[in-house]
Amino acid sequence: MTRELSDQQRREFKQQLQQRFDEVSEKVRQELRESDNQSYIELAGRVHDREDASLADLLIDIDLAIVDLHIEEIRNIEQALMRFPKGNYGICIDCNTDIDYQRLQINPTVKRCFDCQTRHERTHREKAHPTL
């Protein structure tokens with residue numbers, strides 16, 4: 001069942017998105033500050049063998065992966081926020097139908113209705129696997 005969002009619901013989603021944007025941005029800032037304080041050179045300077053060096057590399061990679069996930073979330077939030085002034089927040093980017101309210105409650109950054117997202121995942125899943 002789809003229905004158009006009320007002005008109040010739009011305001012609530014926009015406020016929720018802005019709040020999450022601020023939270024995630026702060027997390028990224030904190031993680032980058034911590035990575036400056038605990039740089040690879042510092043970690044690598046303490047290592048004594050290849051296993052320690054591998055662990056230092058892994059820790060750095062994990063930190064970078066977490067930052068990448070946060071940045072991806074920030075991009076999704078920014079895209080959702082840009083849909084508000086255009087009047088197309090809550091409307092599927094593929095078929096232009098209303099996105100179900102419950103779907104938006106679960107993920108306010110969602111940009112496709114369930115059917116279009118399912119189709120998108122099915123068609124793009126095969127392209128995501130690298131081949132030799």
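When restricted to residues that are surrounded by fewer than 13 Cβ atoms within 10 Å (Cβ to Cβ) and assigned to a loop (DSSP other than H, G, I, E, B), segment 98-127 contains 1.
Could you pull out the residue among Ser25, Ser54 that is among the hydroxyl-bearing types (Ser, Thr, Tyr), surrounded by 11 or more Cβ atoms within 10 Å (Cβ to Cβ), in a helix (DSSP H, G or I) and at pLDDT below 85? From the options Ser25, Ser54, the qualifying one is Ser54. Residues of segment 69-85 that are without any contact (Cβ under 8 Å) to a residue 24 or more places away in the chain and aliphatic (A, V, I, L, M): Leu69, Met82.
The values are calculated or read from the model by the stated rules, or taken from the named source; none is laboratory data. Keep in mind that what you see is a predicted model, and the values were worked out from it rather than measured. Positions of Cβ are generated from backbone atoms using ideal geometry, with glycine treated the same way; all protein chains shown enter the neighbour counts.
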